[in-house]
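Worksheet: the structure to be examined is printed underneath.
The values are calculated or read from the model by the stated rules, or taken from the named source; none is laboratory data. Remember, predicted model here, so these are calculated numbers, not experimental data. So basically every Cβ, Gly included, is an ideal-geometry build from the backbone, and we count neighbours across all protein chains shown. These area figures cover heavy atoms from the full protein model, side chains too; ligands, DNA and RNA do not enter into them. Shrake-Rupley method; radii C 1.70, N 1.55, O 1.52, S 1.80 Å.
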Amino acid sequence: MRLHPLLTLLIIIIISQCHPVFAQSIKKEYTLNECYISALKHAEQIGIAKEAVAIAEFTRKQALSVLIPTLTASGTYQHYNEKKEAYGSLIQPKWEGTYGVKITQSITLNGRELTALRIAEQGIEKSNLDLDVAKESYLYNVASAFFDVAKLQQGVLIAEANVVRLTTYKNAITTRLRLGDASKTELFRTEAELANADALLLETKNSQKLAKAFLARLTGLKMPFEIKEPQISIARLTTTELTGLKEMALHNRAELKSYAAAASISAKQVNYAKGAYWPRLGVEGSLISLEQEPEPMLKESAWLGANLTFDIFDGGLRKSQISEARALQKQARLTLDDAKNNITIEVESAFLNWQTQQSVIKSFESQLRYAKENYDASIQLSEHGMANSVDIMDANTLLVTSDWQLAEARYNLQLAILGIERSTGVFLKVIEKRLAK
């Protein structure tokens with residue numbers, strides 16, 4: 001009897017809820033792109049950078065508010081114990097109250113407040129660039145952690161295959177020992193190698209768990225989970241493109257744009273500090289209404305006034321502020337120049353690393369091929385009594401080492417490609433374009 005699909009699904013859900021072990025055995029697999037998406041949602045560092053953007057926008061609003069007149073309302077009420085008069089004139093009313101509105105505005109004659117507004121606006125631009133820097137750096141760390149898990153995932157498979165080979169060989173040695181065709185020393189050597197392989201397998205599995213925990217920390221994924229094997233991508237670059245990559249980095253890196261914005265802000269900060277030497281013009285207007293008992297002769301009063309203030313002596317405060325602003329401006333310029341030099345070296349390092357990984361992969365592929373042939377030949381010679389356990393163990397060690405080195409180099413090549421994208425400033429753009437599909 002066939003069950004309805006919905007009924008089947010309901011049974012599976014009930015079983016998974018009743019048996020936690022069954023539920024935990026169903027582990028979700030995540031691709032690298034899915035890890036990126038989860039990291040963008042849950043990463044605290046990216047959240048901090050987003051809040052910095054919000055703070056910069058609030059700072060702009062504060063700078064803009066200074067340019068808008070301030071309107072205030074006020075009101076008072078006073079009740080006296082008695083009304084007092086002298087010679088027919090009112091000295092103290094029974095009660096009185098005043099209410100009114102006042103508008104005030106103050107501005108420096110050189111437009112210092114406008115400079116502050118432009119600084120705040122450029123601060124938003126810098127905060128957005130810093131957000132891109134935080135995203136790019138964080139997502140590159142996610143990619144590194146993802147490939148670490150992938151390496152160890154492949155390492156577990158290699159270690160398991162090693163245990164299977166040594167177990168098979170141990171069984172063969174045990175059989176030959178019973179037939180008197182092998183010595184106990186060969187069995188002891190094989191058992192020692194097998195014990196070492198079991199320890200290596202356990203160590204690799206534990207390292208994989210730790211790598212997954214670190215990836216979960218970066219992305220916010222819930223344990224346990226698995227990762228999908230990353231697709232092998234190929235980047236075609238030549239050594240003549242290194243100069244172009246450096247120029248691309250100097251044009252695209254968000255860090256450089258952020259440092260350039262900081263240098264521009266520091267220049268405006270000098271002008272802002274110089275504005276303290278300029279007079280400040282203040283304008284005020286007020287409308288006041290008076291209520292009292294008995295009724296006053298003058299019920300309403302309105303006035304408009306202006307004032308001009310100028311600081312003559314401040315103990316050297318303004319001079320020190322200007323000197324500080326100039327020092328910060330010089331510091332910002334030096335930071336920008338230093339970042340350009342560091343990024344140029346970073347691009348060259350990433351490029352050479354990519355070239356190195358391409359070259360070593362070819363060598364490791366040849367080494368693995370020869371290691372497999374050497375192991376197979378050693379096994380055949382052992383079956384005919386022409387190779388001992390030492391030869392087999394050496395061949396197996398070479399095979400394991402070659403297999404692991406090739407697997408590691410392949411993942412390192414993928415990470416090296418991402419390293420070029422990161423160093424040239426296109427890493428985040430490539431990810432956003434990929435996630436937008």
- Task: Compute the accessible area per residue over region 143-199, keeping the other protein chains in place, probe 1.4 Å, unit Å².
- Result: 48 Å²
- Query: When the chain is fully extended, how far beyond the present Cα-Cα distance does residue 207 get from residue 61, taking 0.36 nm per residue of separation?
  - Reply: 47.5 nm
- For 227, 107, write out the residues from largest to smallest accessible area, computed with a 1.4 angstrom probe and no ligands counted. 107, 227
- Rounded to the nearest 0.05, FRET efficiency between residue 312 and residue 278 (Cβ-Cβ, R0 22 Å) equals 0.95
- Query: If the convex hull of the alpha-carbon atoms of region 119-164 is projected onto planes in all directions, what is the mean projected area in square nanometres?
  - Reply: 2.6 nm²
- Task: Consider just the alpha-carbon atoms of region 339-388 and return their Rg together with their Dmax, both in angstrom.
- Result: 20.7, 65
- Note on the structure: Inter-part gap, Cα centre of region 316-392 to Cα centre of region 132-187, in whole angstrom, is 24 Å
- Note on the structure: The simple spin-label model distance between residue 172 and residue 370, using points 7 Å out along Cα→Cβ, in nm, is 2.3 nm
- Query: Using a ≥ b ≥ c from the Cα gyration tensor of region 47-163 (square roots of the eigenvalues), is it rounded, prolate or oblate, where a/c under 1.5 gives rounded and otherwise the larger of a/b and b/c decides, a/b for prolate?
  - Reply: oblate
- Message: Keeping every protein chain present and rolling a 1.4 Å probe, give me the accessible area per residue for region 214-317 in Å².
- Response: 64 Å²
- Message: I'd like the accessible area for residue 42: 1.4 Å probe, protein heavy atoms, all chains in place, Å² to the nearest 10.
- Response: 100 Å²
- Query: Applying the Karplus parametrisation 6.51 cos²θ - 1.76 cosθ + 1.60 with θ = phi - 60° to the phi angles of region 160-172, what ³J(HN,Hα) value in whole Hz is obtained for each residue in order, glycine and proline being reported as x?
  - Reply: 5, 5, 5, 4, 4, 4, 5, 5, 4, 5, 4, 4, 5
- Quick one: net charge of residue 146's neighbours, Cβ under 13 Å, K/R +1, D/E -1? -1
- Rounded to the nearest 20 debye, dipole of the chain from Cβ charges on Lys, Arg, Asp, Glu: 440 debye
- Item | Extended-chain gain in nm, criterion 0.36 nm per residue less alpha-carbon gap, residue 435 and residue 295 | 42.9 nm
- Item | residue 327 versus residue 107: modelled label distance in nm, points set 7 Å from Cα along the beta carbon direction | 3.4 nm
- Compute the convex hull volume of the Cα atoms of region 292-437, divide it by the residue count, and report the result per residue in Å³ as a whole number. 413 Å³
- Query: Quick one: if you stick a label point 7 Å off each Cα along the C-beta vector at residue 74 and residue 164, how many nm between them?
  - Reply: 8.9 nm
- Query: What share of all Cα pairs of the chain, in percent, falls into each consecutive 20 Å distance bin?
  - Reply: 16, 30, 25, 16, 9, 3, 1, 0
- Task: Please list, in chain and number order, the residues 5+ apart from residue 95 or on another chain whose amide H is under 5 Å from its amide H, with Hs placed from the backbone.
- Result: 80, 293
- Message: In whole percent, and with a 1.4 Å probe on the protein chains, what portion of the accessible area of the chain is carbon and sulfur?
- Response: 58 percent
